[in-house]
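Participant: What follows is a structure written as structure tokens; I'll ask about it next.
The values are calculated or read from the model by the stated rules, or taken from the named source; none is laboratory data. If you're wondering where the values come from, they're calculated on a predicted model, not measured in any experiment. Every residue, glycine among them, receives a Cβ derived from its backbone with ideal geometry; neighbour counts consider all protein chains shown.
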Amino acid sequence: MDFEVGAILNGKVSGITKFGAFVSVAPGKSGLVHISEIAGTYVSDVRNHLTEGQDVMVKVIGVDKTGRMNLSIKAATQESTGTPRQRPVVKSQESAPEPSFEDKLKRFMQDSDNKISGIKSYSDKKGARRRGR
């Protein structure tokens, strides 16, 4: 039985690793849910979100040439609730306007010149000691 990309399936967590979880979706057929596809938030430990034997709803997000499936719990959950998949917007606490490209470039050049001059002065001092001055 082949599964198409985009199909939403019910499965059971059959194994948990550091990098994700294996989900069995049919007898003899399983796929990997990568740690980044488990939840809409940061997942540091898969075991905090899933347990072996747990029933989950997954979406097929990829199938490689050998038939291995890449699955997503996050995409299946968002599709069933109808919420669009988007990254959280991080707003700075300051209300200062965004500096222009020219300002950023000027700041970068100043920082770069300061670092280079520091490295040169350090190497000049180091070289003077080696020459016996």
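Participant: Out of the residues in segment 3-41 meeting the condition of being at pLDDT 90 or above and aromatic (Phe, Trp, Tyr), tell me which one is nearest to residue 79 (Cα to Cα).
Facilitator: Selected residue: 22.
Participant: If I ask for residues that are surrounded by 10 or more Cβ atoms within 10 Å (Cβ to Cβ), at pLDDT below 85 and assigned to a loop (DSSP other than H, G, I, E, B), which ones from segment 67-121 would you list?
Facilitator: The answer is 67, 83, 85, 99.
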